[in-house]
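Below is one structure, written out as structure tokens; comments come after it.
The values are calculated or read from the model by the stated rules, or taken from the named source; none is laboratory data. Predicted, not measured: the structure shown is a model, and the values here were computed from it. Surface accessibility is based on the protein's heavy atoms, side chains included, excluding ligands, DNA and RNA. Shrake-Rupley method; radii C 1.70, N 1.55, O 1.52, S 1.80 Å.
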Amino acid sequence: MADRKSFTDVARDRAPVWCRVSFLMCGDWALAEDIVQVTLLRLYKRWHRLDPAGIEAYARKVMARLAIDASRRPHRRSEVLTKPPERTQRAAAPEDGADVRAALRTLGPRQRAVLALRFYCDLSVAETAATLRISEGTVKSQSARALAALRTLLSDDSTTLNPTERVLP
């Protein structure tokens with residue numbers, strides 16, 4: 001119980017400072033807060049083994065490594081568009097549901113399961129992977145492939161599905 005209280009005290013006192021330090025490392029407040037959260041989690045896991053005099057150094061090391069790792073990820077690089085893409089969204093029609101269901105039937109069972117869990121049940125990648133007993137990388141790749149196939153099947157430019165293929169649930 002004393003460990004929890006001492007950790008809570010350090011986290012409450014140091015988290016705002018660490019957030020500012022993390023912001024200086026990464027330049028993004030949201031990312032800085034995420035980095036501090038991960039840092040606190042790692043501190044908590046190792047709390048009983050850490051020297052009280054080394055907590056600050058350990059936290060800075062973790063924050064620096066996380067900020068560097070985040071900067072290396074390609075999804076962190078933002079792309080600025082000068083104008084919105086030239087594509088209009090059409091209103092959803094009642095028959096679109098049948099088109100989507102028919103397009104889903106063309107996918108393999110694993111891809112359908114991944115899409116259903118990720119987007120209908122709103123599970124995370126990790127939760128989907130655990131549910132299907134596959135790796136997170138497989139969830140991501142199956143999701144990307146399935147969405148690409150659906151985009152191709154449901155795009156206005158491609159040939160539409162046969163009306164006989166439209167089956168209501």
Length gained when the stretch residue 104-residue 57 is fully extended (0.36 nm per residue, less Cα-Cα span): 11.8 nm
Area accessible to solvent at residue 58, 1.4 Å probe radius, in Å²: 40
Residue 123 long-range amide H proximity, modeled H, under 5 Å: 118
Residue order for 7, 119 - accessible surface, 1.4 angstrom probe, largest first: 119, 7
Gain in span if fully extended, residue 20 to residue 145, counting 0.36 nm per residue against the direct Cα distance: 41.0 nm
Portion, in percent, of the accessible area of segment 117-157 that falls on carbon or sulfur, probe 1.4 Å: 52
